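The values are calculated or read from the model by the stated rules, or taken from the named source; none is laboratory data. Note that the structure is a prediction, hence the values are computed from the model and not measured. All Cβ positions, glycine included, derive from the backbone under ideal geometry; neighbour counts span all protein chains shown.
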Amino acid sequence: MADEAFLRDFFENSPVGFHVFGPDKIIRAVNQAELDILGYRREEIIGRKKWSDLIVPEQRAQFERHWKDISTIGRVTNLRYTLQTKTGAKVDVILNASARFNRAGELLNTRGTILDVRHLKQARRSGKSGVREKTVLEQHNQALSVLLANIEVEKETLKKNIMTNLEQLILPVLRKLKRRGSQLDQRYLELLERNFLGLTSSLGMKLVNPRWKLTAREIEVCGMIKNGLATKTIADMLCVSQRTVEHHRNHIRKKLGVTRIGINLNSYLQSL
């Protein structure tokens, strides 16, 4: 079974370019093969560049159409793009990508590969492109499929390991403390237990996303709301007034864009 070191090595040292885009279209991870094609350093790409920044300007409208496809259908295959390297050189590539969604159907990120096909153009000019191009594309798609399958296996293994350690080593201690503590201590320990059980959830990473502009206290309140705590309980635990908690709730709703009356904040946070 693949382990984390294997997957990291596979991603970083694959002969084809690999990248991960966030839902904001910004590159979150990129391997060395893709950096070599682009001519950029890693710190010049991660968190800074979008695919539209790296392709020739005349293909940006094409990218927007393809982004819509991958955001709805979940996969795009064998797309032709021309990258513009840091030095201004142009490189023809083939892009394959797939999307990852949460339970609410919202896009979490996309995973893609690029293949430098300059040598295929040379083969085409010499009349030898057909079989060679088909073979390269098959290898490209197979590499992406293997990587994605191994990532899913490793992700499930990691979740199981975390939950096993929690259930055997941490939760028994918490439950003993709950039996001995004060009523307020018990509430804190109950919240801690629930947060531990949700450790494999991606909610925390989503809430710290700069686009929401949530404060540290608002993120803390989000965690309490998600765990089903009432306004009075939250106020008692934070040693603030209920009015202050309601103020936080209203700010959270505005920042997350859930200001409509019919939307339950607890349910919304559960869906993230």
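Points worth noting:
- From Ala104, Ala99, residue being surrounded by 16 or more Cβ atoms within 10 Å (Cβ to Cβ) and within 23 Å of the chain's Cα centre (by Cα): Ala99
- Pairs where the first residue, in segment 19-32, is among the small types (Gly, Ala, Ser) and the second is surrounded by fewer than 21 Cβ atoms within 10 Å (Cβ to Cβ), C-beta under 8 Å, 6+ apart: Gly22/Arg28; Gly22/Asn109; Ala29/Phe11; Ala29/Val20; Ala29/Ile46
- When segment 56-84 is limited to residues that are more than 19 Å from the chain's Cα centre (by Cα) and of a type in the set (Asp, Glu), the one that is modelled with the highest pLDDT turns out to be Glu58.
Conditions (1) in a helix (DSSP H, G or I); (2) surrounded by 14 or more Cβ atoms within 10 Å (Cβ to Cβ); (3) small (Gly, Ala, Ser), marked per residue:
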position: Pro172; (1), (2), (3): yes, no, no
position: Arg175; (1), (2), (3): yes, no, no
position: Asp185; (1), (2), (3): yes, no, no
position: Phe196; (1), (2), (3): yes, yes, no
position: Trp212; (1), (2), (3): no, yes, no
position: Glu218; (1), (2), (3): yes, yes, no
position: Lys232; (1), (2), (3): yes, no, no
position: Met237; (1), (2), (3): yes, yes, no
position: Glu246; (1), (2), (3): yes, no, no
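- Residues of segment 27-62 that turn out to be surrounded by 16 or more Cβ atoms within 10 Å (Cβ to Cβ) and touching a Lys or Arg at 6+ places or on another chain (Cβ under 8 Å), as a count: 8
- Contacts under 6 angstrom Cβ, first residue in segment 211-235 being in the same structural domain as Gly257 (by TED's automatic domain parsing) and free of Cβ contacts under 8 Å to residues at least 12 places away in the same chain, partner in a helix (DSSP H, G or I) and surrounded by 21 or more Cβ atoms within 10 Å (Cβ to Cβ), 6 or more apart: Ala235/Val245
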